[in-house]
Amino acid sequence: MSTSWLVRGAVVVCSVVASTMVTAGGAVADPGAQGLDYVALGDSRAAGPFINTLSHRDFCMRSDQNYASKLARIIDAGTFTDVSCIAARVENVVDTPQQIGTTRARPQVEALGPETDLVTISIGGVGSNHVVITRESCATLNPDGDRNCRNNPEVEQKAVEGIAKAAPEVDRAIAAIAEKAPNAEIVIVGHGGAVGNRGCWPSIPYSDADAQWLVTYFERFNQVYVDAAQKYGAHYIDIGKATVEGGHDPCAAPEDKWFEGLIPTSEAQPAHFNERGMQAIADMIADELGY
């Protein structure tokens, strides 16, 4: 279900969980409560934009139904802080404030400290070659089209270059988390799930053969997270594999899908997890941590 490595006493996962009090910097639970001190970091995959939009407090678009919030409730976190933000890059996690709309978010690791027990994170998609590969190179404009990107050496080169670029960036993010929260366990949520082994134009505008190649591309990309987890004693959650093998990709029936396509059938940003997907991630993390 997931692969994990544990060398420290606490837990770090790149995404934050539920809350009882909301502040400008994220969601924070009663500091006097018992339970884990949990901090969630990450980009839009962690934030959950357009899932229960009434819970969005600023342009970071954090949802109270994202996987961190759901996980916080499952584990009954003593404190919970969610600083995930849409469009966040590794530098916005590590050392660079993020300006999005009228929201200026401080570097996310500033929410961590020696008292942090658990950190979750989803990061690395923004700044990768995902969009160049999936939309610009593989997407077709007609329902019977086949871009044959799977056999295009230029597309393969973009995939190789993107993975090579992401590896040191993801390593930098996890290293910063480990330094700021030395007593925490780290949970890294992988990529994948946006495409299954089939296309369903226009929402998933790929030929079946190209869709299958894209699944393998995300598997290759996820090795970046596997390597970081091994290096820093973190947990790795393979949500991509669970989504595809379980038949929960965007071409599944609305009640079965965990991930939305370009034309969503439930509240979620296109090409992102819906609330069912967020629940699945939270359940996988909780199971990984023994809850």
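The values are calculated or read from the model by the stated rules, or taken from the named source; none is laboratory data. In this text, all values refer to a predicted model and were calculated from it rather than measured experimentally. A quick note on method: Cβ atoms are made from the backbone with ideal geometry, for glycine too, and the neighbour counts reach across all protein chains shown. For the accessible areas, the whole protein counts, side chains as well, though only heavy atoms, and no ligand, DNA or RNA atoms are used. Shrake-Rupley method; radii C 1.70, N 1.55, O 1.52, S 1.80 Å.
In table form, for the structure just shown:
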item: Given (1) open to solvent by less than 20 Å² (accessible area, probe 1.4 Å); (2) farther than 17 Å from HIS130 by Cα, number of the condition VAL226 does not satisfy; result: (1)
item: Considering residues of region 233-246 that are small (Gly, Ala, Ser) and over 15 Å from ILE177 (Cβ atoms) only, the residue least open to solvent (accessible area, probe 1.4 Å); result: GLY240
item: Subset tally (residues that are open to solvent by less than 30 Å² (accessible area, probe 1.4 Å) and touching a residue at least 40 places away in the same chain (Cβ under 8 Å)) for region 214-223; result: 3
item: Residues satisfying the stated conditions in region 66-110, i.e. in a loop (DSSP other than H, G, I, E, B) and over 17 Å from ASP43 (Cβ atoms); result: ASP76, ALA77, GLY78, THR102
item: Residue check, ARG104 of a type in the set (Lys, Arg) and closer than 24 Å to GLY246 by Cα; result: no
item: Number of positions in region 64-89 that are open to solvent by less than 10 Å² (accessible area, probe 1.4 Å) and either of a type in the set (D, E, K, R) or under 19 Å from LEU118 (Cα atoms) (or both); result: 11
item: Pairs, first free of Cβ contacts under 8 Å to residues at least 24 places away in the same chain in region 137-158, second part of a helix (DSSP H, G or I) and of a type outside the set (A, V, I, L, M), C-beta under 6 Å, six or more apart; result: SER137/CYS149; VAL155/SER137; VAL155/CYS149
item: Search result, residues across region 209-231 that are hydrophobic (A, V, I, L, M, F, W, C) and closer than 19 Å to ARG150 by Cα; result: ALA209, ALA211, TRP213, LEU214, VAL215, PHE218, PHE221
item: Complete set of residues in region 277-290 that are within 14 Å of the chain's Cα centre (by Cα) and surrounded by fewer than 19 Cβ atoms within 10 Å (Cβ to Cβ); result: GLN279
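Listed here are the residues, each with its yes/no results for (1) crowded, with 20+ Cβ neighbours inside 10 Å; (2) modelled with pLDDT under 95; (3) more than 30 Å from ALA72 (Cα to Cα).
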residue: VAL170; (1), (2), (3): yes, no, no
residue: GLY196; (1), (2), (3): yes, no, no
residue: GLY199; (1), (2), (3): yes, no, yes
residue: ALA209; (1), (2), (3): no, no, yes
residue: LYS231; (1), (2), (3): no, no, no
